[in-house]
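What follows is one structure encoded as structure tokens, with my remarks underneath.
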Amino acid sequence: MAEKKLNLLADFPPVSTEQWKNQIIADLKGADFDRKLVWKTSEGFSVQPFYREENLENLKTDKLSPGEFPYAQGTKTDNHWFVRQNLQVTDAKTSNEKALDILNKGVDSLGFTLDKEKLSAEFIQTLLEGIRADVVELNFRICVRRTAELAQILVEYFKSKKYDLSKLRGSINLDPVNRMLIKGKVLTAEFIGEKLAETTKILAELPQYQAVTVNALTLSNAGATISQELGYALAWGNFYLKSLIDKGIKPADAAKNIRFTFGVSSNYFMEIAKFRAARWLWATIVAAYKPECTCGENCNCMEESGLDFCPCCCAMKIHAETGYFNFTVFDANVNMLRTQTEAMSATLGGVDSLTVLPYDCAYKQSDDFSERIARNQQLLLKDESHFDKVADPAAGSYYIENLTNMIAESAWNIFVETEENGGFFKTIESGQVQSAVNQSADARKKAVSSRREILLGTNQYPNFTEKTEGKIERYNETAAHSSACNEGTPTLKPTREAIEFEQLRLATENAAKRPKVFMLTIGNLAMRLARAQFSSNFFGCAGYEIIDNIGFETVEEGIAASQKVQSDIIVLCSSDDEYAEFAPKAWEIVKGKQIFVVAGAPACIEDLQKLGIENFINVKTNVLEALKGYNKMLGI
């Protein structure tokens with residue numbers, strides 16, 4: 001008997017969106033669909049729990065192709081990206097040796113941060129000795145005032161080595177505005193324009209080098225939302241673009257000389273969409289200047305595309321760096337999980353190069369092991385997951401296509417508002433951008449403190465026994481340096497979400513006595529276990545010693561056990577119905593001897609408060625503020 005052939009269309013008839021939603025509403029059993037399932041993002045738009053083909057109607061990105069203007073689906077027809085590692089150069093020979101070593105370990109892009117006092121032709125000669133500049137991307141950073149000199153030295157060095165200058169790839173990270181944002185420097189638009197133009201003209205002999213960088217990474221690491229990072233980056237880039245054009249640089253050459261460096265947060269799908277939206281919007285901005293093609297006589301991009309401007313120069317050049325804002329000191333290995341998903345977002349989003357931060361860089365100078373892990377995270381994506389083989393794998397996803405358009409709209413609104421307020425430079429001078437980003441950072445920190453945003457190992461599921469034990473070599477160095485160097489322009493506050501929780505734990509470590517928290521578990525088995533687990537995680541975030549228990553027959557037995565181990569805090573863990581009986585009994589015995597806490601928000605809470613019971617913890621409690629209060633009660 002022949003097998004019956006499967007007919008998907010017949011056996012699985014189409015289901016309408018209305019049918020899907022009705023079934024979901026039925027499964028919610030009365031809960032509100034929007035409140036339960038629609039995600040209200042910090043960017044200001046609402047994300048539905050599911051999307052369908054009909055949601056692609058009228059979108060501007062779903063019918064594009066990789067390598068075609070406006071580049072939402074990529075500037076390349078493959079997905080190659082450079083694996084970059086950055087080096088802080090103090091000694092040229094030592095840095096050269098390290099660069100050669102890591103080039104043999106999978107890196108094909110180097111980022112050198114140079115000491116302005118040591119810059120010379122001999123210094124660059126020593127630094128680049130043995131490094132093939134025609135097969136490796138080279139990137140440099142130095143102080144604004146010496147960037148043009150660095151550019152000249154590089155051009156002369158490459159000529160002396162007989163390189164084909166048209167094939168060399170790299171950048172000089174000239175970004176005066178970033179100095180204003182980080183150090184509070186006071187610069188004029190005229191000065192900035194002159195420096196940009198001077199360096200760009202020198203680097204004209206290196207057509208695949210970018211002289212200017214928009215370090216939107218600074219916004220990301222200060223706590224900006226995804227829309228803010230992109231919207232302000234576009235305005236930032238547009239300011240540089242206009243500055244170069246005003247100094248006589250052709251629009252196409254000006255655009256080709258600008259590179260963007262973005263951060264990457266752990267918001268996986270949103271970050272993929274951000275990079276797609278970034279290319280699309282930047283291409284739109286550059287196209288508005290109607291740039292004439294300057295690629296040379298062999299380029300027919302305008303004729304082939306049918307456009308009245310050069311599409312080549314509209315292709316955004318993107319470097320990305322994994323986030324620092326969400327890095328943690330405690331349970332630091334989790335940072336590797338964060339950077340891995342971030343690296344996936346960036347590469348699936350089509351960046352041109354990527355730096356993965358070593359997992360330990362928040363508290364020490366990274367060592368060979370952590371740097372190796374960071375490199376290998378990218379190499380795994382290339383060599384084992386083959387992420388570099390498919391251009392824009394997110395193309396056509398109902399969800400990501402909609403996210404791309406929503407982020408594009410939100411970021412574009414920020415860009416337009418910034419331009420209407422006088423442009424990016426004026427909003428930096430006045431502090432409008434800094435204020436908006438700092439407000440977002442405060443809101444994100446508040447979300448962490450109340451556990452609406454989870455940092456594993458920090459505000460949820462902490463390692464109860466972990467201690468720093470001298471592993472911290474530096475702490476929040478960036479933020480301290482930023483405020484110390486302020487020269488007049490309002491600055492951003494580079495920071496991390498975990499800092500205040502870490503300060504709690506460090507205070508506990510340095511206390512004369514580590515507080516003990518005792519779980520008095522009694523009554524309903526399921527509820528007492530659930531609340532004991534919740535309470536253990538709650539107090540574990542401050543580094544207190546947690547003493548959990550299976551259960552006690554009586555309140556008196558539990559309190560006696562807690563006093564035997566000399567606990568400082570006793571947490572009553574039971575069901576709401578039983579608290580009316582157990583809490584008054586426990587309070588009568590404990591009163592004044594230990595800090596007494598009830599886990600939950602029972603209906604009888606007002607009656608318990610009248611007895612003098614003041615401490616309740618539940619899912620609505622702001623964990624950070626509550627723990628600060630307990631530290632104060634304990635004299636820490």
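Structure summary
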{"read-out": "Cα-derived Rg over Rh, computed across the range 210-303 with Rh taken as Kirkwood radius", "value": "1.02"}
{"read-out": "Full-stretch length increase - GLU53, ALA447 - with 0.36 nm per residue and alpha-carbon distance subtracted", "value": "138.5 nm"}
{"read-out": "Pairs beyond 27 Å (Cα-Cα), from LYS98/LYS162; LYS159/LYS195; LYS274/LYS426; LYS591/LYS632; LYS105/LYS274", "value": "LYS105/LYS274"}
{"read-out": "Under Karplus coefficients 6.51, -1.76 and 1.60, residue-wise ³J(HN,Hα) of the range 56-61 in Hz, glycine/proline x", "value": "8, 4, 6, 7, 9, 10"}
{"read-out": "Of (i) 49; (ii) 27; (iii) 18, the label for percent of Cα pairs over 47 Å apart derived from the coordinates", "value": "(ii)"}
{"read-out": "CYS299-GLU420 pseudo-label distance in nm [points 7 Å out on the Cα-to-Cβ vector]", "value": "3.5"}
{"read-out": "The range 153-199: Cα Rg divided by the 2.2 N^0.38 Å rule of thumb", "value": "1.55"}
{"read-out": "Using a Förster distance of 22 Å, the FRET efficiency for ASP91-ARG474 (Cβ separation, nearest 0.05)", "value": "0.60"}
{"read-out": "Additional length obtainable on full extension of the chain from GLU588 to ASN104, 0.36 nm per residue less Cα span", "value": "167.3 nm"}
{"read-out": "Overall form of the range 358-463 per C-alpha gyration tensor (a/c, 1.5; a/b vs b/c)", "value": "oblate"}
{"read-out": "In the range 365-443, GluC sites (Glu not before Pro) in a DSSP loop with at most 13 other beta-carbon atoms within 10 Å", "value": "GLU384"}
{"read-out": "Rg [Å, one decimal], Dmax [Å, integer] - the range 432-566, C-alpha atoms", "value": "19.7, 66"}
{"read-out": "Helix axis angle, 432-449 relative to the chain longest principal axis, alpha carbon, degrees", "value": "30"}
{"read-out": "Long pairs among LYS60/LYS445; LYS60/LYS389; LYS118/LYS445; LYS118/LYS467, criterion Cα-Cα beyond 31 Å", "value": "LYS60/LYS445; LYS118/LYS445; LYS118/LYS467"}
{"read-out": "Inter-site label distance for ALA526 and ASP134 at 7 Å from Cα along Cβ, in nm", "value": "7.2"}
{"read-out": "Derived scalar couplings ³J(HN,Hα) [the range 184-194; Karplus, 6.51 cos²θ - 1.76 cosθ + 1.60; whole Hz; x for Gly, Pro]", "value": "x, 5, 9, 10, 9, 4, 5, 4, 4, x, 5"}
{"read-out": "Range of Cα positions in the range 397-455 per principal axis (Å), largest first", "value": "37, 33, 11"}
{"read-out": "Loop-located trypsin sites (Lys or Arg not before Pro) in the range 494-563 whose Cβ has at most 14 other Cβ within 10 Å (DSSP)", "value": "LYS513"}
{"read-out": "Computed E for ALA560/VAL619 - FRET, C-beta separation, R0 22 angstrom, nearest 0.05", "value": "0.15"}
{"read-out": "Where only C-alpha atoms are counted, convex hull volume of the range 592-636 per residue in Å³", "value": "76"}
{"read-out": "Largest-first ordering by accessible area, 1.4 Å probe, given options ARG179, ARG169, ARG375", "value": "ARG169, ARG179, ARG375"}
{"read-out": "Inter-label distance for ALA121 and ASP78, nm, one decimal - labels placed 7 Å from Cα along Cα-to-Cβ", "value": "3.8"}
{"read-out": "Candidate aspartates and glutamates for bridging to LYS628, where Cα separation is under 18 Å - those fewer than 8 sequence places away on the same chain excluded", "value": "ASP442, GLU497, GLU500, GLU502, GLU509, GLU545, ASP568, GLU614"}
{"read-out": "Rounded Å value of the spacing that divides the Cα centres of the range 341-383 and the range 107-127", "value": "22"}
{"read-out": "Per-residue ³J(HN,Hα) for the range 213-230, Karplus 6.51 cos²θ - 1.76 cosθ + 1.60, θ = phi - 60°, Hz, x for Gly and Pro", "value": "10, 9, 8, 5, 3, 4, 5, 4, 6, 8, x, 5, 6, 4, 5, 5, 4, 6"}
{"read-out": "Largest-first ordering by accessible area, 1.4 Å probe, given options HIS386, HIS319", "value": "HIS386, HIS319"}
{"read-out": "The range 1-105: GluC sites (Glu not before Pro) falling in loop per DSSP and having at most 12 other Cβ within 10 Å", "value": "GLU3, GLU57"}
{"read-out": "Probe 1.4 Å, accessible area per residue of the range 252-305, Å²", "value": "36"}
{"read-out": "Separation between Cα centres of the range 482-547 and the range 557-591, rounded to whole Å", "value": "23"}
{"read-out": "Using distinct alpha-carbon pairs, which all enter the 1/r mean, Kirkwood radius of the range 502-636 in Å", "value": "14.7"}
{"read-out": "Long-range tail of P(r) for the range 20-173 (Cα pairs > 17 Å, %)", "value": "73"}
{"read-out": "Angstrom value of the Kirkwood radius, inverse mean 1/r, which spans all Cα pairs in the range 97-174", "value": "12.9"}
{"read-out": "Helix 555-564 axis, angle to the chain major axis (alpha carbon atoms, nearest 10°)", "value": "60"}
{"read-out": "Sulfur and carbon atoms: percent of accessible area, the chain [1.4 Å]", "value": "50"}
{"read-out": "Degrees, to the nearest 10: 92-103 long Cα axis against longest axis of the chain", "value": "80"}
{"read-out": "Difference of contour (0.36 nm per residue) and Cα-Cα distance, ALA10 to MET336", "value": "112.7 nm"}
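The values are calculated or read from the model by the stated rules, or taken from the named source; none is laboratory data. Everything quoted here is computed from the prediction, not taken from an experiment. All Cβ positions, glycine included, derive from the backbone under ideal geometry; neighbour counts span all protein chains shown. All accessible areas refer to the heavy atoms of the entire protein, side chains included, with ligands and DNA or RNA removed. Shrake-Rupley method; radii C 1.70, N 1.55, O 1.52, S 1.80 Å.
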